[in-house]
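Take a look at the structure set out below.
The values are calculated or read from the model by the stated rules, or taken from the named source; none is laboratory data. Small disclaimer: the values here were computed from a predicted structure and weren't measured. Neighbour counts run over all protein chains shown; Cβ positions are idealised from the backbone, glycine included. Heads up: the accessible areas ignore ligands, DNA and RNA and are worked out on the full protein's heavy atoms, side chains in. Shrake-Rupley method; radii C 1.70, N 1.55, O 1.52, S 1.80 Å.
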Amino acid sequence: MVSRRTLRDLPELELRERRALVRVDYNVPLAPDGAVGDPGRVEATVPTLRYLLEVEARPILLSHLGRPGGAPDPRCSLAPVVPVLSQAAGAPVRFAGPADSEEALQASRDLPAGSILLLENTRFLAGETRNDEELSRRFARLGDLFVQDAFGSTHRAHASTVGVARFLRPAVAGLLVEAELRALDALLGEVERPFVVAFGGAKIADKIEVLEGLAHRADAILVGGAMANTFLAARGVGLGRSMVEEESLDVARDLLARWEPRTRLPTDLLAGDAEAGGRDPVVVPADAVPEDRAALDIGPRTRETYAELVRQGRTFFWNGPMGLFEHEAYAEGTRTVARAAAEATLSGAFTVVGGGDSARAVREAGLSASVSHVSTGGGAALEYLARGSLPGVDALDPAS
Ligand code: ADP
Ligand code: MG
């Protein structure tokens, strides 16, 4: 059971015909032509929206998109989301804005049963990221209850994610947030062992807290991606032109000292020609990256070792791709770990992938449904795992 009251805890009678103000995270990538590049975050909210429509509540949605900086910016309009949302939810969608206007308030009152109202980007409003009280009150007028379903934004204390809940009750978790918390709570509690974690991606500095928190409970820690470069460099290995986070070398040295011998670093790497934008990959031992090359993926031997350890795990958490997976030549390390996670899941392991790029890599490998849980929120998932709390969740009614 999650620690907050959820949508499903509310009696259906209390929802019927009520305006449910739902904070969603439709911060979707937009293609150059302005269309929605990836509808994943919209689709993730469909269970909550269908639930609300079925009990005859009226969903009114708030979201941000991009970083317009507190003023209207047509490039960050939520308008392109309307057709995608309508298609995904199977319901007509009305669009109004600005979200703090009388027009939006009137639209919330006029919304017919069976329809959804999407309001314009909350970050067009100056008070949003300041968690402004007056703006929070204005948002609160838009609904008769508040539903938090923007998991990917729950680590931000903004007016639409936290402030609004001070003035609008009940304030409950939506079905997406509930599912996310349930999956992550399972990692925070007693886990089945071996507990294997894999870390990759680019930045240690951003992830240090969660690395610490999970690693001291893990049985095996597999490090890949540019993160592995920093760890290797901390051991004094030369890495040619590879991406190394110089300012994290001390931290990496300290972590290695404490995590040995459970930590695995790559024994071989795929190194590309740094000048030619990473072309011409060659396999090299991890301590022999040529001066003019950059390590861009884990090598074949490391792939096999990591895959075997992942398959042996009963619990698995993964954040950060094993290489520059956006380039086909350097995608195999990430794909191998994704496949191993899917195999582990099939044999009964509990497997969670968290992180924007990590989730994308698993999705592109066609394996999203083959692991136990893929988090829709990178930063939020990591923050929850590190601290056990999130501002946008703490703001909700406690579970009774
Ligand atoms: P997530 O979004 O899953 O938390 P990060 O944002 O930390 O992951 O890292 C993902 C990025 O790291 C990707 O763009 C990937 O190409 C890059 N990356 C991974 N390994 C390397 C590497 N060896 N060299 C350069 N970039 C890398
Ligand atoms: Mg990322």
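The largest-to-smallest principal axis extents of the Cα set in region 1-87 are 44, 27, 26 Å. The charge dipole of the chain, taken about its Cα centre with unit charges on the Cβ of Lys, Arg, Asp and Glu (plus for the first two, minus for the last two), comes to roughly 780 debye. Estimated from helices alone, the mean residue ellipticity of the chain at 222 nm is -9500 deg cm²/dmol (sum of -39500 (n - 2.57) over DSSP H runs with n ≥ 4, per residue). Distance between the C-alpha centres of region 86-128 and region 305-336: 40 Å, rounded to the whole angstrom. Neighbours of Val374 by Cβ distance under 14 Å: Lys/Arg scored +1, Asp/Glu scored -1, total -1. Stokes-Einstein, applied to the Kirkwood radius of region 1-147 over Cα pairs at a viscosity of 1.306 mPa s and 10 °C, places its translational diffusion at 102 µm² s⁻¹. What does the charge count around Arg311 come to, taking other residues whose C-beta lies under 10 Å from its C-beta (Lys +1, Arg +1, Asp -1, Glu -1)? Charge balance near Arg311 sits at -1. Residue ranges 155-165, 81-91 sort as 155-165, 81-91 when ordered by packing (mean number of other C-beta atoms within 10 Å per residue, highest first). In terms of packing, defined here as the mean over residues of other Cβ atoms within 10 angstrom, the peptides 302-315, 53-66, 245-258 line up highest first as 53-66, 302-315, 245-258. What a 1.4 Å probe finds exposed on region 334-377 is 52% carbon and sulfur by accessible area, rounded to a whole percent. Cα extents for the chain along the principal axes, largest to smallest and rounded to whole angstrom: 67, 44, 35. Counting only other residues whose beta carbon sits under 15 Å from that of Gln106, what net charge do I get with K and R as +1, D and E as -1? With Lys, Arg at +1 and Asp, Glu at -1, the net is +1.
Per residue, region 80-220 exposes 37 Å² of solvent-accessible protein surface, assessed with a 1.4 angstrom probe and all protein chains in place. With all protein chains in place and a 1.4 Å probe, the accessible surface of region 37-113 carries 52 percent carbon and sulfur.
Considering only beta bridges that DSSP places wholly inside the chain, some 25 percent are antiparallel. Extension gain for the segment Arg109 to Glu326, taken as residue separation times 0.36 nm less the Cα-Cα distance, is 73.6 nm to one decimal. For region 152-200, the carbon plus sulfur part of the accessible surface works out to 51%, probe radius 1.4 Å.
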